[in-house]
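The values are calculated or read from the model by the stated rules, or taken from the named source; none is laboratory data. Everything quoted here is computed from the prediction, not taken from an experiment. Here the Cβ positions follow ideal geometry from the backbone for every residue, glycine too, while neighbour counts run over all protein chains shown.
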Amino acid sequence: MHRFLTRKFIYFTAVASGLVVIGATTGCATASEAADDYHFSDRVEQSLSKDLFAPSVTTLMKERLTLSDALRLAIANNPELQAQLVDLNIAEANRLQAGLIENPEFEAQVLFSHESSDKKRTEFALHQDVLSIITSSTKKKIATIEYGKVQKELANAILKVTLDVRTGYHTLQAAEKTLSMHRRIAEASSIASDFAKRQYSAGNISKLHYSIEKAAGEEAAIELGRRESETRLAREELNRLLGLSDKNKHWQIAEQLESLPGPDPEIDELQARATVRRLDIAILRQQQRLVNEELKLVKSQIIPSLAAGVVTESEDGERFTGGVISVGLPIFDQRQGDIALKNAELKKISKLLEKLEVQARYEVKIAHEHLDAARKEAEAYRDRVVPLKQEIVKLFEEEYNYMLSGVYQLLEAKQGEIQSQEDYIMALRDYWIARAELERAVGEQIPTTEPLHRTTRPTRQSASQPASQPSTEHHMHQMHNKGEES
Amino acid sequence: MRNCLIQKLLTGGLFFLILLLSGSYRALPASAELGYTPVTTPNGATLDWKMVDGVKEFHLTVEEIEWEMSPGMLIKSWGYNGRTPGPTIEAVEGDRVRILVYNRLPEPTVVHWHGVLLPSGMDGVQGLTQKGIPPGETYAYEFTLKQHGTLMYHSHGDEMVQIGLGSMGMFIVHPKTREKKIDHDFVYMLNEWYVEPGTSTPDPNVMTDFNIFTFNSRAFPGTDALVVKAGDRVRIRIGNVAQEEHPIHLHGHSFQVVATDGGDIPESARWPETTFTIAPGQTRDVEFIAVEGDWAFHCHRRHHPMNAMGHDIPNVIGVNQDGIEGRIQELVPGYMAMGEDGMHQHAEHGAHMKGPANTLPMMGGVGPFGAIGMGGMFTVLKVRKNYTPGEDPGWYDNPPGTVSEKWTK
């Protein structure tokens with residue numbers, strides 16, 4: 001026992017223990033971080049969990065599908081996002097691994113003499129790669145940056161899905177709303193065609209005029225059929241985005257498009273935010289940080305290898321114990337190539353960042369222009385065109401009452417009014433899609449503000465309903481009926 | 001004293017007897033004060049005058065005015081002295097007249113004295129016989145009346161616009177003496193207008209497709225009735241400065257055309273009518289003895305005793321609209337099917353329906369038996385045994401057995 005507790009043995013043990021402690025400490029720190037990372041993954045996984053987060057299909061059958069529900073469903077059901085979540089898990093695992101130092105090596109040799117059977121030599125050595133200890137924090141940092149990059153890539157993918165869902169959602173909303181309106185336009189054409197048929201039967205119009213009205217009625221029916229088909233396609237598209245199965249397709253979308261919000265932010269503010277907040281820029285900056293750290297790692301590895309250890313050997317009963325250190329000599333290879341490669345990568349990233357920032361500002365400008373144009377169009381329809389068209393119908397009714405205009409003109413005017421309401425809905429749809437695209441261009445949600453008070457405005461709760469119009473008096477109709485009764 | 005009076009009476013009576021026995025009745029002189037029975041311009045007025053150094057001086061101001069065609073319809077007009085037609089000028093053959101015309105229009109104007117025999121330079125043709133009266137200035141027309149008859153005055157500068165906006169009036173020249181006393185002498189000026197429904201400015205660019213037809217710039221039910229006593233001799237004078245000829249029909253009477261814008265028609269040449277036509281630029285006088293009753297008096301072109309209607313509306317006579325009305329009401333709640341059984345529905349409901357602003361229903365007026373369903377060039381001649389002058393006598397009380405009713409036998 002006493003022999004083993006020699007100074008050399010104690011030294012060996014201390015060094016070995018220290019290495020173990022260092023490694024263990026490093027490993028523990030990594031493990032705790034790994035635990036934190038696991039919890040993040042857990043949260044992300046929860047957010048992508050169908051069961052915990054997305055609305056139930058049963059709920060969908062009973063209530064109308066809101067945009068919020070649609071977004072949650074789409075994210076939860078998207079297989080690409082599920083796959084990218086695995087990438088996040090992989091990045092987590094890599095980070096965990098990167099924080100661990102290499103295990104020490106134990107070597108034992110037993111040699112027997114060829115000359116004498118009594119003679120033997122034993123050698124025990126314990127080596128530790130010191131370079132891995134020195135570079136472990138850098139490696140871990142690299143893995144952390146990589147993890148952050150994967151996070152941002154996932155967020156970017158979610159943002160794209162959000163944009164697609166919002167586009168699909170508003171497209172379907174507008175399609176269904178305008179379809180119900182267009183049925184009334186088609187009904188007016190059908191009435192005109194029917195009226196012409198009756199006039200023709202009475203000998204009051206020629207076959208030519210009847211044919212003209214009949215053809216118009218047929219074309220209106222064709223247009224309605226086309227609208228119905230487009231609506232079905234919009235529904236299928238949203239179903240695809242929501243990832244719903246065929247048996248779960250019988251949901252109803254919220255009927256009304258949201259009204260225009262308050263004023264939109266200014267372009268300068270949005271462009272400034274985009275260069276800071278956009279995920280593709282953030283990903284590239286993350287890549288830049290990654291390559292910077294990789295460069296540091298490369299530089300720290302100019303000495304290709306560095307190991308230290310203890311050795312003990314005995315020969316003919318005599319034990320020799322000592323330390324050993326091995327160093328790779330960077331005489332020929334000083335990692336010049338690798339350093340140049342990383343510097344080149346950094347330069348490339350820098351140029352790409354420049355380009356992306358310009359691209360971001362451009363995309364924000366274009367998206368803002370679309371948003372502004374859509375807003376102006378929606379406001380023009382809401383505040384001026386639709387009320388004017390309603391007034392036109394009222395004035396045509398007055399002319400009809402005095403036999404100054406006929407039923408065809410009245411129906412045409414009514415079609416014009418309904419068409420203007422359709423155009424308003426489409427402009428409103430374009431606004432909300434443009435807003436989604438702008439948020440994508442900026443890289444974050446742009447909160448809406450309350451609309452400014454307007455002195456004259458239609459009822460607020462429904463952007464899709466026309467402003468209510470007082471109906472023309474029914475007195476004449478009542479008197480007409482009275483005349484029939486007497 | 002007493003003997004002197006008896007002498008005068010005897011002299012007068014002898015004079016009258018000689019006249020009577022001579023076989024030619026000479027009427028009593030016209031109104032002792034004026035020398036004539038003044039005309040009545042329904043819905044209009046007569047122009048005042050004053051004697052200035054032996055000249056009858058009249059003042060006319062032509063300017064933009066607001067004129068009511070019928071209750072519920074006002075138009076912008078270029079009238080004289082606040083009226084269209086302008087106030088009727090009345091004078092007597094042989095009078096020297098001076099008419100001062102003050103132009104308050106935005107463009108030059110002149111006044112032509114239609115049918116008047118006068119010096120060329122007083123004829124009132126812008127650019128030909130005189131310079132146009134500039135805006136803001138007053139020109140004088142002076143001449144001696146060498147004729148009697150039913151004449152007119154109207155703008156002769158930018159006629160299309162100015163007459164189209166109402167610059168016109170009647171000019172009656174009475175004879176110094178008249179053979180037969182006229183109990184009622186009515187004057188009418190005809191015109192056609194196009195007033196887009198919902199507007200108030202007549203469109204002088206329209207040449208053929210007019211929509212408002214007027215007696216003295218009034219459309220029924222805005223035309224005053226003519227009220228006379230049964231047995232009265234009635235003269236109606238009509239002038240036309242419009243674009244179309246108008247066959248004017250009087251119910252219940254046969255009358256004689258007694259004068260044109262060229263002068264009196266000799267008695268042997270007068271012809272009987274119940275409808276007389278006045279072409280643009282013409283005047284015609286007719287006379288008749290009034291017969292008791294309520295008698296329609298109107299242009300007989302079917303479109304003319306109506307107010308504005310659409311000419312391009314669908315022909316729905318006889319078109320079954322069952323089921324369609326309900327479908328249209330789903331889109332236009334106030335819609336009511338009309339016209340299948342004719343246009344009388346419109347006459348009945350016109351007063352209750354809301355029409356375009358400042359627009360008259362196509363057919364209107366209510367009589368003792370319901371909706372009359374007329375407009376435009378239409379009025380009523382009311383002839384009564386007894387009535388209070390100046391008051392409307394109400395509807396004619398038909399004697400029993402003289403009203404068309406349901407046959408029950």
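A:THR178 falls short of the stated requirement of being within 30 Å of A:ILE90 (Cα to Cα) and among the hydroxyl-bearing types (Ser, Thr, Tyr).
Taking the criterion of being under 16 Å from A:LYS197 (Cα atoms) and either modelled with pLDDT under 90 or facing chain A (nearest Cβ under 7 Å) (or both), the residues of segment B:323-334 that qualify are B:ILE324, B:ARG327, B:ILE328. One residue stands out among those in segment A:202-228 that are without any contact (Cβ under 8 Å) to a residue 12 or more places away in the chain and crowded, with 16+ Cβ neighbours inside 10 Å: the one that is nearest to B:GLY318 (Cα to Cα), which is A:ASN204. B:TYR387 meets all of the listed conditions (1) of a type in the set (Ser, Thr, Tyr); (2) over 30 Å from A:ASN401 (Cα atoms); (3) within 14 Å of chain A (Cβ to nearest Cβ) but one, namely (3).
Filtered by the rule that a residue be in a strand (DSSP E or B) and either within 15 Å of the chain's Cα centre (by Cα) or not polar (S, T, N, Q) (or both), segment B:255-274 gives B:PHE255, B:VAL257, B:VAL258, B:ALA259, B:GLY263, B:ASP264, B:TRP271, B:PRO272, B:GLU273. Report, by residue number, each residue of segment A:301-310 that is touching a Gly at 6+ places or on another chain (Cβ under 8 Å) and crowded, with 18+ Cβ neighbours inside 10 Å. A:LEU306, A:ALA308, A:GLY309, A:VAL310 - these are the residues of segment A:301-310 that are touching a Gly at 6+ places or on another chain (Cβ under 8 Å) and crowded, with 18+ Cβ neighbours inside 10 Å.
One line per residue, one yes/no per condition, for (1) touching a Lys or Arg at 6+ places or on another chain (Cβ under 6 Å); (2) at pLDDT 90 or above:
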site: A:PRO263; (1), (2): no, yes
site: A:GLN271; (1), (2): yes, yes
site: A:ARG277; (1), (2): no, no
site: A:ILE283; (1), (2): yes, yes
site: A:GLU293; (1), (2): yes, yes
site: A:LYS296; (1), (2): no, yes
site: A:SER300; (1), (2): no, no
site: A:ILE303; (1), (2): no, no
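Residue pairs whose Cβ atoms lie under 9 Å apart, separated by 6 or more positions or on different chains, with the first residue in segment B:87-108 and without any contact (Cβ under 8 Å) to a residue 12 or more places away in the chain and the second of a type outside the set (Val, Ile, Thr), do not occur. Residue pairs whose Cβ atoms lie under 9 Å apart, sitting 6 or more positions apart in sequence or on different chains, and linking a residue in segment A:325-336 that is farther than 22 Å from A:LYS296 by Cβ to a partner that is surrounded by 12 or more Cβ atoms within 10 Å (Cβ to Cβ) and among the aliphatic types (A, V, I, L, M), are A:ILE325/A:VAL130; A:ILE325/A:LEU306; A:ILE325/A:ALA307; A:ILE325/A:ALA308; A:SER326/A:LEU306; A:SER326/A:ALA307; A:SER326/A:ALA308.
Which of the residues spanning segment A:121-177 are among the β-branched types (Val, Ile, Thr) and under 19 Å from the mean Cα position of the chain (by Cα)? Result: A:VAL150, A:ILE158, A:VAL161, A:THR162, A:VAL165, A:THR167, A:THR171. Looking across B:GLY318, B:GLY339, one residue alone is within 10 Å of chain A (Cβ to nearest Cβ), of a type in the set (Gly, Ala, Ser) and buried (at least 19 other Cβ atoms within 10 Å of the Cβ). It is B:GLY339. Listed conditions (1) away from every other protein chain (no Cβ under 14 Å); (2) part of a helix (DSSP H, G or I) are all met by A:ASP264, apart from (2). If you check B:PRO106, B:PRO87 for being part of a strand (DSSP E or B), of a type outside the set (Gly, Ala, Ser), modelled with pLDDT of 95 or more and within 27 Å of B:ASN211 (Cβ to Cβ), only one passes: B:PRO87. Quick check: anything in segment A:400-408 surrounded by fewer than 21 Cβ atoms within 10 Å (Cβ to Cβ) and either facing chain B (nearest Cβ under 7 Å) or not in a helix (DSSP H, G or I) (or both)? Yes, segment A:400-408 contains a residue that is surrounded by fewer than 21 Cβ atoms within 10 Å (Cβ to Cβ) and either facing chain B (nearest Cβ under 7 Å) or not in a helix (DSSP H, G or I) (or both).
Going by the conditions given, is A:ALA360 without any contact (Cβ under 8 Å) to a residue 12 or more places away in the chain, away from chain B (no Cβ under 14 Å) and among the aliphatic types (A, V, I, L, M)?
The answer is no for A:ALA360.
I want to confirm something. Restricting to segment B:291-315 and keeping residues that are among the small types (Gly, Ala, Ser) and under 21 Å from the mean Cα position of the chain (by Cα), which single residue is surrounded by the most Cβ atoms within 10 Å (Cβ to Cβ)? Filtering first and then ranking leaves B:ALA308. Scanning segment B:345-381 for residues that are touching a residue at least 60 places away in the same chain (Cβ under 8 Å) and within 12 Å of another protein chain (Cβ to nearest Cβ) turns up B:GLY355, B:PRO356, B:ALA357, B:ASN358, B:THR359, B:LEU360, B:GLY364, B:GLY375.
Name the single residue, out of those in segment B:297-315 being more than 9 Å from chain A (Cβ to nearest Cβ) and in contact (Cβ under 8 Å) with a residue 60 or more places away in the chain, that is farthest from B:VAL195 (Cα to Cα). Applying the filter and picking the extreme gives B:PHE297. Can we say A:ARG289 is modelled with pLDDT under 90 and either over 23 Å from A:SER350 (Cα atoms) or out of contact with any Lys or Arg (no Cβ under 8 Å at 6 or more places or on another chain) (or both)? For A:ARG289, the condition - modelled with pLDDT under 90 and either over 23 Å from A:SER350 (Cα atoms) or out of contact with any Lys or Arg (no Cβ under 8 Å at 6 or more places or on another chain) (or both) - is not met. Filtered by the rule that a residue be closer than 17 Å to B:MET168 by Cβ, of a type in the set (A, V, I, L, M) and assigned to a loop (DSSP other than H, G, I, E, B), segment B:208-246 gives B:ALA219, B:VAL241, B:ALA242.
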